[in-house]
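The values are calculated or read from the model by the stated rules, or taken from the named source; none is laboratory data. Computed from a predicted structure; not experimentally measured. When we count neighbours, we look across all protein chains shown, and the Cβ atoms used for this are built from the backbone with ideal geometry, even at glycine. Each accessible area value is taken on the protein alone, full model and side chains, heavy atoms only, with ligands, DNA and RNA left out. Shrake-Rupley method; radii C 1.70, N 1.55, O 1.52, S 1.80 Å.
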Amino acid sequence: MLVENLPVVGRPATIMPTIAGGEQVAVFAQNAFLAGISPEVFGQISSRIDVVTLAPDQVLFAEDEPGDCLYLIAQGSIKISKQGRGGQQETLCYLPGNDYFGEMALVDGGKRSARATAVGTTVLGRIDRSTWDLLLRLAPQAILTNFTHSVTQRLRQNNQNFIEQMMRSERLSLIGTTISAIIHDMNNPISCILSACHIIQSSDCDEATAKLAALIRDAIDQMANMTRELMDYSRGETHLNLDLVSVPELMRQLEPDFAKCRIGCDLQIQVDFAGSLRIDRHRTLRVLSNLMKNAREAMKAGEQNVLRFVVRKVDESVQFELSDTGHGIKPELLPKIFEPFVTQGKSDGTGLGLAIAKTVIDAHGGLITVKSNEAGTTFTITLPLPSKQQGS
């Protein structure tokens, strides 16, 4: 039995095996694929199960790759997705612990029909063709019954997913069309406002008036960036305007959000990195601002609420960590929290904030992850350092 830790990359990587104790495979006895087989049969095949550990967001295999094994899920969750709108990955389903996947590759010898990605740290058991053949000889009735049940269940899931995807695509298309119409109608009044601000700032006005005009311009810019963000997402696109931005400057621009957080909670800020990042300033600020807004709304008024905002350098990247002491995210929503139109009971929420946040961070070559329980939620954003700052 092998234990494999695959490096975190955008595609499957070279396997780096290390030997581990056989007791680690005992959890696979409860897997749905092996339901109904005797302890004696499990004892014969357990040593042939290779244990694979995946990091969050790590791709196990990609669409159209050759398949020669199936996987049992012992811990964590697997997202199954296909390339869709704008080249983006469209989620088909999430497979929980004790489920399994990839079995069709052993049945028809074909290529993988979708991508499999880890949601959080995930532990899998890999069963190759020789082990599959052995199981068919030792427990044919149990394995074929489980396989038939799996195919029936997946067909139902796929039917439901097709309906949901159609509805989601229709909603995104409607959002794009509506925003286009709104922007078209707003262009003239916005141009008038910006022209008026320019005239005021160019004239011999007092300092307070100049500051107010600057605030108006900033607000208009934010409106334009927000609508552009929604337009891009509805089209499956993410256009970045990259610039070198220092972390202290980014923190100063987040001060209005920090001021809101200080009302009703204990805001704890820890900045252990003062270098610069090559980022889209406006989109990154929007992501961080949205996460802080979500954290504020998750914490109940009148309680001893704590919001921690930490910036640190980790290897060749910078991490932004936001932790709150709110009610947490429901376990059934957690694996799909970055999917569009997923929201946790917010009457005024669109369900697009975190989905857009993920596309923005992904476009930067970064990673956004979440951990949550009844005691609170922690979002972690990891962004790569510019090459000249790596190792410094």
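Residues that are at pLDDT below 90, in contact with a Lys or Arg (Cβ under 9 Å, 6 or more places away or on another chain) and under 14 Å from Ala298 (Cα atoms) within region 373-392 are absent altogether. Could you tell me whether Phe320 is at pLDDT 85 or above and of a type in the set (Phe, Trp, Tyr)? In short, yes. Any residue at all in region 236-249 that is touching a strand residue (DSSP E or B) at 6+ places or on another chain (Cβ under 9 Å), under 25 Å from Pro189 (Cβ atoms) and of a type outside the set (Lys, Arg)? Checking region 236-249: at least one residue is touching a strand residue (DSSP E or B) at 6+ places or on another chain (Cβ under 9 Å), under 25 Å from Pro189 (Cβ atoms) and of a type outside the set (Lys, Arg). Scan region 293-314 for residues that are surrounded by fewer than 17 Cβ atoms within 10 Å (Cβ to Cβ), among the basic types (Lys, Arg) and in a helix (DSSP H, G or I) and the total you get is 1.
Scanning region 135-146 for residues that are surrounded by 16 or more Cβ atoms within 10 Å (Cβ to Cβ) and in a helix (DSSP H, G or I) yields Leu135, Leu138, Ala142, Ile143, Asn146. Among what's in region 265-289 and is among the aliphatic types (A, V, I, L, M) and open to solvent by less than 20 Å² (accessible area, probe 1.4 Å), pick the residue that is nearest to Glu255 (Cα to Cα). The selected residue is Leu288.
Among the residues making up region 188-231, those that are in contact with a helix residue (DSSP H, G or I) (Cβ under 8 Å, 6 or more places away or on another chain) and under 30 Å from Gln88 (Cβ atoms) are Ile190, Ile220, Asp221, Gln222, Met223, Ala224, Asn225, Met226, Thr227, Glu229, Leu230, Met231. Set side by side, the residues Gly120, Gly109 differ, and just one is under 14 Å from the mean Cα position of the chain (by Cα) and open to solvent by 20 Å² or more (accessible area, probe 1.4 Å), which is Gly120.
Of all the criteria given as (1) at pLDDT 90 or above; (2) open to solvent by 40 Å² or more (accessible area, probe 1.4 Å), the one not satisfied by Gly366 is (2).
Flag not set for Thr121, criterion: under 16 Å from Lys82 (Cα atoms), in a strand (DSSP E or B) and among the β-branched types (Val, Ile, Thr). In region 46-68 there is at least one residue matching the filter, namely being in a strand (DSSP E or B), crowded, with 19+ Cβ neighbours inside 10 Å and without any contact (Cβ under 8 Å) to a residue 60 or more places away in the chain. Looking at Asp221, Asp257, Asp243, just one residue is touching a residue at least 24 places away in the same chain (Cβ under 8 Å), part of a helix (DSSP H, G or I) and either small (Gly, Ala, Ser) or loosely packed, with under 15 Cβ neighbours inside 10 Å (or both), and that residue is Asp221. Checking the stated criteria, Ser289 turns out to be in a helix (DSSP H, G or I) and polar (S, T, N, Q).
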